[in-house]
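Nothing in this text is a laboratory measurement; each read-out follows from the coordinates by a stated rule. These numbers were taken from a predicted model, which means no experiment stands behind them. Every residue, glycine as well, gets a Cβ built from its backbone with ideal geometry; the counts of neighbours run over all protein chains shown.
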Amino acid sequence: VNPDLANERQTASFSVEKLTALLDGGAEQTRLRRAVVEAIERDPVFSRENQYFQSQNERYEAAVRKAVHLQKKMHEMGWSQDGPESKYIYRAVAGDIAFLLHRIFMRSISVLGSDEQIAKWIPPASQYRLIGSYAQTELGHGTYLQGLETTAVFDVTTQEFILNTPKVSAMKWWPGDMGRSATHTVVFAQLYIHGKCYGIHPFIVQIRSLQDHSLCPGIIAGDIGPKMNFEHIDNGYLMLQNVRVPRENMLNKFCEVQPDGTYVRRGSQKINYFTMTSVRISLISGEAVTPLMKACTIAIRYSAVRRQSKLKPGEQEAKILDYQTQQEKLLPQLAAAYAFHFIDDYLQEVFDRGYGEIQRKNFDTLPELHALSSGFKATVTQYCTSGVEICLRACGGHGYSLLSGLPSLYTKIIASCIYEGENTILLLQTARFLVKSFMAASTGQSVPPSVTYLAAAKPRKCPAKNKLDFLSPDIYTEAYQHMAVRLISSTAAKLQDLIQSGVKKHDAWNRCTVQLAQAAKAHCHYITVKNFAETVEKLESKAGIQKIMKHLCDLFALHGIFSNAGVFLHDGYISGAQMDMVTASYLDLLAIVRKDAVPLVDAFDFTDKSLNSALGCYDGQVYQRLYEWARKSPTNKQISPAYEKYLKPLLHNTLSKL
Amino acid sequence: EALVLNDPDFQHEDLNFLSRSQRYEQAIRKSSLMVMKLREYGIADPEEIYWFKSFVHRGRPEPLDLHLGMFLPTLLTQATPEQQDRFFMPAWNLEIIGTYAQTEMGHGTHLRGLETTATYDPATQEFILNSPTVTSIKWWPGGLGKTSNHAIVLAQLYTQGQCKGLHAFIVPIRQLGTHEPLPGITVGDIGPKFGYDEMDNGYLKMDNFRIPRENMLMKYAQVEPDGTYVKPLSDKLTYGTMVFIRSLIVGDSARSLSRACTIAIRYSAVRHQSELKPGEPEPQILDYQTQQYKLFPLLATAYAFHFVGAYIKDTYRRISGDINEGDLSELPELHALTAGLKAFTSWTANAGIEECRMACGGHGYSRCSGIPDIYVTFTPSCTYEGENTVMMLQTARFLVKSYTQVSSGQRVTGMVSYLNDLSRQRIQPQHVAARTVTVRINDPVSLVEAYKARAARLVEAAAKNLQAELNHRKSKEDAWNRTSVDLVRASEAHCHYVIVKLFTAKLSEISNAAVRAVLTELCLLYALYGISKNTGDFLQAGILTDAQITQVNQRVKELLAIIRRNAVALVDSFDFHDVHLGSVLGRYDGNVYENMFEWAKKSPLNKTEVHESFHKHLKPMQAKL
């Protein structure tokens, strides 16, 4: 181990192993996770070492190979699809695997299909006798589902639906696994019966032959071409030309078209709605927080190894982690990774409780759950994305090499700001809930638990007297609360004013959207801070963990005030002098957290293989590894073809002729 | 432009579908052709070469960049006449292809830390070059991996047992004829990067590699045959080159951001989504306030940076005349200013390009949007030619120095002259913050004053904090480090002020009334949006009141609606040709969806109807399960 890193670890103020267990939810979970990761990483088929050198075709092939091999592996190890190991499997393969949409395909049938449909499709799908995809998004429409243009017309005479892509913008575009792999897909289309449109419904459509994998008649499908990342996934396009599917292929748990064309609705769609909502929550941990943790691990370890310039004349060059500006880039990201880990725990809990209610047919919590899932999906993915980018840029030139691992983390996480609901639109959905709740609260009606603070009476000035006061969770949590209430109430008031002055409702809404989005973010930021503070309070004080988590919580909270000073100063809740105290406290915290920075990323417990980074390895042998790895690049394996063809003539004689 | 676009020799398959090695090969092919065509057409003016090159390579990097941009110019400025005789014509004729090897694995911006050594051996009159550690391996130089046969290597010079600091040496690295590495040279490509696929950024390791004494560039410093070292006259001269290159980056920030804005704004005018009013057709997404709020401030920023880039270039041109006559007085300020502006503009443009991409939703993520490519090509400019945070601190050093001069009663000139006002105020026992500026939020000139007051306050605050740290601690360096977050903020505020000032000043030079009107709106939006994003600074300093901030926020939104009408025309004015823009979403004709489909059909995964992995993996699995 590089001595620079070894020193960092010796001075840890807390037990890394204990913190890891806390993050995993218990030492037993840690053990299980390590066993799964170990089993997968030991298997050479899952190696990602050459990933950065591979073409799109090679990446895709590797992903299919891994997916197929994983089935074998799971069988061998006795892991089941929904066993306790499953969440660790995904972490271990780092998502670099095909057939992820196949699972969505199966889940959508389980949720939207009748018992007969489940019995018909799920067994062959789980044995991979068919491979599914999920075709919702079109070229012309994404988050706004009602705008989809694919049509499914019911033909009473043949008892079939006729599916069509009426124009280019209606082509299905983006669905994963559809470009090359899938044999079937769930297509979302506007249902027409006897010329009347009944809105969007799901249909199972076979697109490729089960014998030779060629496209079925009336189907045009293929790969949508290179993207910023996800090169291993064959995101596809799909065009349907008079494709006929039997009446039984419409997923009909909630509504059915009877043989004579009568449309029947049954049951409540709300459970379905709940499923969509919970998908947003389920991606927070794996798709947003984990990449940020990885990026922090790489950037912080590298910053403890990289020495550059001198802080004091005559001394050795300083670790770049000792520069205040470097700390100011990285340590808030580290604090955020912990803050979001804990908010994810909180949301899981809220959703588990909500699920219980829904099972008991109580749907009262749905609006709140929806608002929470939209708001947090948007704020956490946004924050983590910019955090990963900050880590990337904090690694100087070497961060730009794919071998640092950071560019691919970044290009992957940014997609999370768009999929499962575009972030701005999600924030506005949360804002709608907040405005409504605020109106209800101000007229004395009861509101859901996450927004009761909108009704509480509050002090008008921050009571802090010196910079130490700002290390009190009460002080900063109240500041966040005050700010959130102010932004929500002022936006609601403005909306009211506009409407009262005769502006049409939608127009008024559009004119307030910038502020509404800001208010929704403020709400989520407040809950994150509050939850972090409450989590810290509940931790046991042993092994130094509570103490270091308290520092991180303070850092997260004060960084937020420091970097959004205007909204806290705006109505004088925090005064200019107090803002100087915040800054002073915040900068002090950087130096404190700095001491434990490496142990804090060690606690995330990523293996070197899962980081797949020359800069972030546990042993800190950065330069050696970078050099060895670069030498393996295919560009170094042969003399460049360009030399013989172009350079040689250029270097030798051609120019003398000019 | 038309010369290149219509030349069939420069056509090739869409780069997005090529592997790295193929992209490198295409770039080399085009560079070779380009050099020949330049000679054929007799193009020799640097400005024309620049344009020709940028059209051949569509604004992308190419393996000869370092040869043309660094190797040849360095020969011209640092080689003796004898050395020019030996190297310049062969290099001009590309018998010698060179690169510039400065950065090492372990050191970048901090040049004094470089570890490569060049030890003079008087017995043979040679320098012995060595890479003594892994960290000293030269790493990143463009064109080094596969293309070049020579490199200008920066190394610590040792002669007569003493280290004389960094010097430049011309080092042959590959055999002329076979292109094989020379004995003692290990050279290769550093592997895949975030972007720059067509560039063979390389590594270079030297083991007791000997070059003749005459290969040290000796126009300024010299080593005599017996090993005696002769010092150069002035070291400020190197500033000139740095100022020049950083000014190019400011221009590049403007251009890259303009391209991204063009794509995002045209696409937003073509994409219809959701509903604003029930029952009406889906509106263009450009009509949503949130979309305007994402894009129009960036559009204004692109224009602002464009004017700043032009200003620096002009100023540099003006004072390089003085430099040649030995007058270096204006250089330090320009050097300090360009360091900060390089950082400020590249950071902003970097984030702005990403905003534009995300404003295009899912399709922005496809390479057919062209924005991923703009981003990965642009983002390294936050790091190269001086890491941005280090650049900001250089500017801060100049600001603190100027502040100290003012405090000791001297007057300062140029862009920092506002610091003079601080001393005048100090006569009254009043904090600068308490100074009342009557800000009129519809008047750019008045907003310049507000930005000026903010810069003055943050420079003063940083300087005072630095002083307080100095009073508490022994070491200057420690105090500096503990104040560096404040110092960066001060520099940012200074740069922001300079940009608003230059944009505003530009308005009065525009004679066409309609153009002036629309640019005035953009200038106002730029200034007001900057305030609304940094309200904390303006409130805390008492420059603006709560009520004014509310007005500013309101005015920003009004301006969005006003600019909306001209948004497409404003990006059309950037005049990017479709081929240069390289984007399906940003096409001039707006036929987005049809062309996305056409583009995707060409993807390598679609070359065969049934992909080979079906036979290799899927089919056997289905048979087994």
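Grab the DSSP H runs of chain A that are 4 residues or longer, score each as -39,500 (n - 2.57), total them, divide by all residues and round the 222 nm result to the nearest 500 deg cm²/dmol. Result for chain A, helices only: -17000 deg cm²/dmol.
Is region A:529-658 best put as rounded, prolate or oblate by its Cα gyration tensor, with a ≥ b ≥ c the root eigenvalues, rounded for a/c under 1.5, and otherwise prolate when a/b is larger than b/c, oblate when not? Verdict is oblate for region A:529-658.
Rounded, prolate or oblate: which fits region A:137-186 when a ≥ b ≥ c are the square roots of the eigenvalues of the alpha-carbon gyration tensor, with rounded for a/c under 1.5 and prolate only if a/b beats b/c?
Cα axes put region A:137-186 in the oblate bin.
By the helix-only formula, in which each DSSP H run with n ≥ 4 contributes -39500 (n - 2.57) and the sum is divided by residues, chain B has a 222 nm mean residue ellipticity of -17000 deg cm²/dmol. Along region A:445-450 the Karplus relation, 6.51 cos²θ - 1.76 cosθ + 1.60 evaluated at θ = phi - 60°, assigns HN-Hα couplings of 6, 7, 10, x, x, 6 Hz to successive residues, with x for each Gly and Pro.
Mind checking which aspartates and glutamates have their Cα closer than 16 Å to the Cα of residue A:530? Skip sequence neighbours fewer than 8 apart in that chain. Output for residue A:530: A:344, A:345, A:349, A:474, A:478, A:554. By the Stokes-Einstein formula, at 1.306 mPa s and 10 °C, chain A with its Kirkwood radius over alpha-carbon pairs has D equal to 58 µm²/s.
Listing B:615, B:494, A:232, A:201 from fewest to most neighbouring C-beta atoms within 10 Å gives B:615, A:201, A:232, B:494. Taken one residue at a time, the phi angles of region A:454-470 give Karplus couplings (6.51, -1.76, 1.60, θ = phi - 60°) of 5, 9, 5, 7, 9, x, 9, 10, 6, x, 4, 10, 9, 5, 5, 4, 6 Hz. Gly and Pro are set to x. Long hydrophobic helices in chain B, taken as whole DSSP H segments with a C-alpha length of 27 Å or more on their own axis and mean Kyte-Doolittle hydropathy at least 1.0: B:513-533.
Once you divide the Cα radius of gyration of chain B by 2.2 N^0.38 Å, the number left is 1.08.
Treating each Cα of region A:273-628 as an identical point scatterer and summing with the Debye formula, the log10 of I(q)/I(0) at q = 0.08, 0.15 Å⁻¹ comes to -0.42, -1.34. Using only the C-alpha atoms, the convex hull of region B:1-60 corresponds to 78 Å³ per residue. Less than 27 Å apart at the alpha-carbon level, and either on another chain or at least 8 residues along: which lysines does that give for residue A:72? Reachable lysines: A:87, A:120, A:609, B:616, B:619, B:624.
Could you tell me which of rounded, prolate or oblate describes region A:400-552, using a ≥ b ≥ c as the square roots of the eigenvalues of the alpha-carbon gyration tensor, with rounded for a/c under 1.5 and, failing that, prolate when a/b is larger than b/c and oblate otherwise? Here region A:400-552 falls in the oblate category.
Under 20 Å Cα-Cα from residue A:436, which aspartates and glutamates qualify once same-chain neighbours fewer than 8 residues away are excluded? Those aspartates and glutamates meeting the cut-off are A:364, A:368, A:497, A:507. Between amide H atoms placed 1.01 Å from N, distances below 5 Å from residue B:210 occur with B:129, all of them 5 or more places distant or on a separate chain. Excluding residue A:9 itself, calculate the net charge of residues whose Cβ lies under 13 Å from the Cβ of residue A:9, where each Lys or Arg counts +1 and each Asp or Glu counts -1. Residues close to residue A:9 contribute a combined charge of -4. What does the charge add up to near residue B:523, with Lys and Arg as +1, Asp and Glu as -1, over the other residues with Cβ less than 11 Å from its Cβ? Once all neighbours under 11 Å are counted, the net charge is +1. Each of the peptides B:507-519, B:303-315 was scored by the mean count of other Cβ atoms within 10 Å over its residues; in descending order, highest first, they stand as B:303-315, B:507-519.
Taking amide H as placed 1.01 Å from N in the peptide plane, residue A:243 has its amide H under 5 Å from the amide H of A:163, each at least 5 places away in sequence or on another chain.
The string of couplings for region A:579-591 from the Karplus curve (6.51, -1.76, 1.60, θ = phi - 60°) is 4, 4, 5, 4, 4, 4, 4, 4, 5, 4, 5, 4, 5 Hz, one whole number per residue in order, with x for Gly and Pro. Each semi-axis of the equivalent ellipsoid for the protein assembly as shown is √(5λ) with λ an eigenvalue of the Cα gyration tensor; in descending order they amount to 48, 39, 32 Å. Among the listed pairs A:465/B:533; A:504/B:294; B:342/B:464; A:521/B:342; A:227/B:601; B:146/B:193, a Cα-Cα separation exceeding 20 Å is found for A:465/B:533; A:504/B:294; B:342/B:464; A:521/B:342.
In this structure, the pairs whose alpha-carbon distance is over 29 Å, taken from A:637/B:30; A:412/A:547; A:412/B:607, are A:412/A:547. Taking amide H atoms as placed 1.01 Å from N in the peptide plane, the amide H of residue A:222 lies under 5 Å from those of A:237, each 5 or more residues away in sequence or on another chain. Computed over every Cα-Cα pair of region B:205-358 and binned at 10 Å starting from 0, the pair-distance distribution P(r) comes out as 10, 25, 19, 18, 13, 8, 4, 2, 0, 0 percent. Remark: region A:159-245 projects, on average over all directions, an area of 6.4 nm² (convex hull of Cα atoms).
Its relative contact order, with pairs defined as Cα atoms under 8 Å and 6+ residues apart, puts region B:1-60 at 47 percent. Separation of region B:472-513 from region A:474-540 is 32 Å, based on Cα centroids.
When Rg and Dmax are taken over the Cα atoms of region A:249-335, they come to 27.2, 91 Å.
Distance check, please: which entries in A:329/A:542; A:329/A:461; A:294/B:474; A:270/B:277 exceed 32 angstrom between their Cα atoms? In this structure, A:294/B:474 lie more than 32 Å apart at Cα.
Averaging Cα coordinates gives a centre for region B:589-619 and one for region A:323-338; these two points are 42 Å apart.
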